[in-house]
Amino acid sequence: MSLREQLCEYGRRAVELGLVIGTSGNLSVRQGELVAVTPSGVALDRLTPEMCPIVDVEGHLVEGELQPSSETPMHLAVYETTDAQAIVHTHSVFGTVVATTMTELPPVHYNALLLGGTVRVAAYATYGTPELAANVRAAMAGKRAALMANHGGVTIGATMEEAFEATRLLEWLCEVYVRGLSVGKPTVLTDEQLNAVVERALNPPTFPRRR
Ligand SMILES: [Zn+2]
């Protein structure tokens with residue numbers, strides 16, 4: 001699948017799964033110095049490959065008739081300081097709930113380790129601004145995900161599939177936390193418990209074959 005086809009495919013999935021509504025949310029995928037990004041003002045389930053602009057990592061428009069997403073500076077800032085090859089940004093409900101009420105999402109489930117443990121909430125700034133890009137870049141340091149105060153969430157991956165799955169996981173973790181709060185006080189896993197998970201993952205059990 002070409003970079004632009006990936007944007008169409010995963011844009012459609014994001015809408016189907018209710019991770020974005022209307023023209024909110026944006027995706028990008030990188031190859032070398034070029035980044036294909038979703039255009040401004042088009043719903044993610046209405047994209048065609050030709051609609052998706054291609055920019056270089058410095059933000060110059062290389063190909064395409066439509067303007068790149070207004071959040072492109074944020075995508076480029078994250079590419080600059082991480083090993084990301086794809087980025088997904090949505091205004092998913094539970095991610096946005098956490099981002100409007102908290103300063104971080106604590107690890108209440110061990111799968112949070114897949115996103116780097118605690119997920120930081122980037123300080124608020126107006127959408128599309130260099131300030132927001134800088135805040136997200138800072139919140140993303142050493143992580144695969146960040147939340148954006150009063151705005152939404154963003155995840156990265158080595159592939160578009162990975163970045164997209166990270167967004168689904170982030171939303172699931174936020175939902176578990178928010179629903180947990182309505183029942184009681186969610187227990188946060190300790191560093192020791194999280195280290196034990198990493199240890200376990202590195203040394204999976206083996207099952208001897210029955211003779
Ligand atoms: Zn947004």
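The values are calculated or read from the model by the stated rules, or taken from the named source; none is laboratory data. From a predicted model like this one, the values you see are computed outputs, not experimental measurements. Virtual Cβ from ideal backbone geometry, glycine too; neighbours counted across all protein chains shown.
Exactly one residue out of Val88, Val121, Val136 is at pLDDT 95 or above, within 24 Å of Arg12 (Cβ to Cβ) and either within 15 Å of the ligand (Cβ to nearest atom) or of a type in the set (Lys, Arg) (or both): that is Val88. Of all residues in region 27-36, which are polar (S, T, N, Q) and buried (at least 16 other Cβ atoms within 10 Å of the Cβ)? Ser28, the sole residue that qualifies. Candidates Gln67, Gln85: the one that is in contact (Cβ under 8 Å) with a residue 24 or more places away in the chain, of a type outside the set (Val, Ile, Thr) and more than 19 Å from Tyr127 (Cβ to Cβ) is Gln85. Taking each residue of region 102-123 that is under 14 Å from Gly153 (Cβ atoms) and looking for partners that are outside any strand (DSSP E or B) and among the basic types (Lys, Arg) with beta-carbon atoms closer than 8 Å, six or more apart or interchain, yields Leu115/Lys143; Leu115/Arg144; Gly116/Lys143; Gly116/Arg144; Val119/Lys143; Arg120/Lys143. Is it the case that region 37-54 has a residue that's away from the ligand (no atom under 16 Å from the Cβ) and among the polar types (S, T, N, Q)? Yes, region 37-54 contains a residue that is away from the ligand (no atom under 16 Å from the Cβ) and among the polar types (S, T, N, Q).
Would you confirm whether any residue within region 25-32 is among the hydroxyl-bearing types (Ser, Thr, Tyr), assigned to a helix (DSSP H, G or I), within 20 Å of the chain's Cα centre (by Cα) and within 16 Å of the ligand (Cβ to nearest atom)? No: zero hits. Restricting attention to region 27-55, the residues being touching a residue at least 40 places away in the same chain (Cβ under 8 Å) and β-branched (Val, Ile, Thr) number 4.
Looking only at residues in region 37-81 that are among the small types (Gly, Ala, Ser) and part of a loop (DSSP other than H, G, I, E, B), which one is surrounded by the fewest Cβ atoms within 10 Å (Cβ to Cβ)? Among residues in region 37-81 that are among the small types (Gly, Ala, Ser) and part of a loop (DSSP other than H, G, I, E, B), the one surrounded by the fewest Cβ atoms within 10 Å (Cβ to Cβ) is Gly41.
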